[in-house]
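A quick write-up on the structure given underneath.
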Amino acid sequence: MLKYCNNLENIELYFLILLLFTIWFIYNTIQYYRAEKRKIKYLHHFAKEGELDAQNELAQRYHKGDMLKKDCDKAAFWYQKAAFNGDKIAKGKFRVFLNQRKKKKKC
């Protein structure tokens, strides 16, 4: 009987550890998504001001649907804007993006 009681104490300890881990995990997940939302906000701000890296990253995020709703038109807009501002990488990605879109009719 004493052996059974010791196991119950251990189970309570395990549940406590599991509860603490779950709370920590949820807290850090919320912090991560808040930081990503803040980053997206600043990406839009800097992309509108003409920052090439921000325009590229924003286009990629719209293209992939990474933390933003997937939107082919907005992705094409930001790729084109970066390409017209003289970014060679964006020009190549814009060409690939247009070729894929012509072939698949999707982004």
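See the values below:
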{"item": "Boolean, ALA54 is in contact with a Phe, Trp or Tyr (Cβ under 9 Å, 6 or more places away or on another chain) and farther than 14 Å from PHE97 by Cα", "result": "yes"}
{"item": "Selection status of ILE40, under 14 Å from the mean Cα position of the chain (by Cα) and touching a residue at least 24 places away in the same chain (Cβ under 8 Å)", "result": "yes"}
{"item": "Some residue of region 23-42 being in contact with a Leu (Cβ under 9 Å, 6 or more places away or on another chain), crowded, with 17+ Cβ neighbours inside 10 Å and in a helix (DSSP H, G or I)", "result": "no"}
{"item": "Of residues in region 77-107 being of a type in the set (D, E, K, R) and not in a helix (DSSP H, G or I), the one surrounded by the most Cβ atoms within 10 Å (Cβ to Cβ)", "result": "ASP87"}
{"item": "From ASP53, ASP66, residue being assigned to a loop (DSSP other than H, G, I, E, B), acidic (Asp, Glu) and surrounded by 10 or more Cβ atoms within 10 Å (Cβ to Cβ)", "result": "ASP66"}
{"item": "Among (1) modelled with pLDDT under 85; (2) under 16 Å from HIS44 (Cβ atoms), the one test that PHE97 misses", "result": "(2)"}
{"item": "ALA47 being surrounded by 12 or more Cβ atoms within 10 Å (Cβ to Cβ), without any contact (Cβ under 8 Å) to a residue 40 or more places away in the chain and in contact with a Lys or Arg (Cβ under 7 Å, 6 or more places away or on another chain)", "result": "no"}
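The values are calculated or read from the model by the stated rules, or taken from the named source; none is laboratory data. Note that the coordinates shown come from a computational prediction; the quantities given were computed from them, not determined experimentally. All Cβ positions, glycine included, derive from the backbone under ideal geometry; neighbour counts span all protein chains shown.
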